[in-house]
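Below: one structure, written as structure tokens.
No lab work stands behind these numbers, since they all come straight from the coordinates. Model, not experiment: these values are computed from the prediction. Reconstructed Cβ throughout: ideal geometry from the backbone, glycine too, with neighbour counts over all protein chains shown.
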Amino acid sequence: MSDDLGARQRQGVYFALSAYAFWGVAPVYFKWVAQVSPWEILSHRVIWALILLIAILAYIGELRRLKVPLSILPRILVSATLISANWLVFIYAVVNNNITETALGYFINPLVSIFLGVTFLHESLRPLQWTAVGIAAIGILIQVLLFGQVPWIALALAFSFGFYGLYRKSLGLHAVAGLALEATLALPVALIFLVFWQHRGAMVFGADIETSLLLMLGGFVTAFPLLCFAAAVTRLSLTVLGFIQYLAPSISLLLAVFYYGEPFDTGRLISFSCIWAALAIFSTESWYHQRKMRRISLS
């Protein structure tokens, strides 16, 4: 039995590493289609992701999960708006050479989620956790003082995804079917935009085979890491996933600095160091607290 559990956990680690590593290198894909408007990229991502997700649900015999009460559709529309906004900001940032700031956004996302939990779910934080949140806030403040502007891309990504996670948790939807429903509700807007873009003669899709195929690939870019993540969640504790999630922004940051040559001066290093210190404090404190609670429960 323990061998089966160990094998299941190892599989979970492989799935989690696949998901977060893929999310980490995702900017490469969006660089490939950087000549396309972010709005058109987003529209095609919605369309082709929906087609692929429905095909996956049909293959695994789970199409029934798309049947939900009509009363819940307005709430799904809210989550669809949040994840679409997150995707749009991410695409905009990557095609405008701001991968570094997307990495910052996803580094601070766990701390933003904690802040939202305290604010909206009335969760309580222990002293060291408050310390971590404070250090992260200092890191953001340093960017504001040094560069004279709020890192809006990082904050928009962190808060849109934080609110999305908070809201999706309350819906209790199946991971794949939930995203398919969100894409379904976003589909009319995507189609209207493409018709408008085509009318203006500005649409890139169809102009050449390579770009068109790359835009269609957006469905895979969306679905593959999600499926890996969904498989990992059922096999691993949230603590383990919490540690692995930092792989994605780490890879993105390395790509931004060493491959795409984005600036990473002393100011950004200090700001990122504050975020990393905050994450180290929070993760370590959480790990020790869980061990302590486990020992108490066993005694």
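Couple of notes before you dig in:
- The phi torsions of region 34-42, fed into the Karplus equation with coefficients 6.51, -1.76 and 1.60 and a -60° offset, translate into couplings of 5, 7, 9, 4, x, 5, 6, 4, 4 Hz, rounded to whole numbers, with Gly and Pro shown as x.
- Taking every C-alpha pair closer than 8 Å and separated by at least 6 residues, the mean separation divided by the residue count of region 115-212 gives a relative contact order of 15 percent.
- Taking 7 Å steps out from each Cα toward its Cβ at Ile296 and Met216 produces label points 5.7 nm apart.
- The chain, dipole about Cα centre (Lys/Arg Cβ +1, Asp/Glu Cβ -1), debye to the nearest 20: 900
- Nearby lysines by direct alpha-carbon distance to Lys67 (threshold 27 angstrom, same-chain neighbours under 8 apart not counted): Lys169
- Of (i) 149; (ii) 121; (iii) 164, the label for volume of the Cα convex hull per residue in Å³ derived from the coordinates: (iii)
- Exposure proxy ranking, count of Cβ atoms within 10 Å, fewest first, for Ser271, Ser71: Ser71, Ser271
- With contacts taken as Cα pairs under 8 Å at a separation of at least 6 residues, the chain carries a relative contact order of 41 percent.
- Gyration tensor over alpha-carbon atoms, region 98-242, equivalent ellipsoid semi-axes in Å: 33, 23, 15
- The phi-based Karplus calculation (6.51 cos²θ - 1.76 cosθ + 1.60; θ = phi - 60°) puts the 3J(HN,Hα) values of region 194-202 at 5, 5, 4, 5, 5, 4, 7, x, 9 Hz, whole numbers, x for Gly and Pro.
- Candidates Ala183, Ala202, Ala137: whichever shows maximal mean-square fluctuation once the chain is modelled as a Gaussian network with Cα springs under 10 Å: Ala202
- ³J(HN,Hα), Karplus 6.51/-1.76/1.60, whole Hz, each residue of region 58-75, x for Gly, Pro: 5, 5, 8, x, 10, 4, 4, 6, 7, 7, 10, x, 4, 5, 8, 4, x, 6
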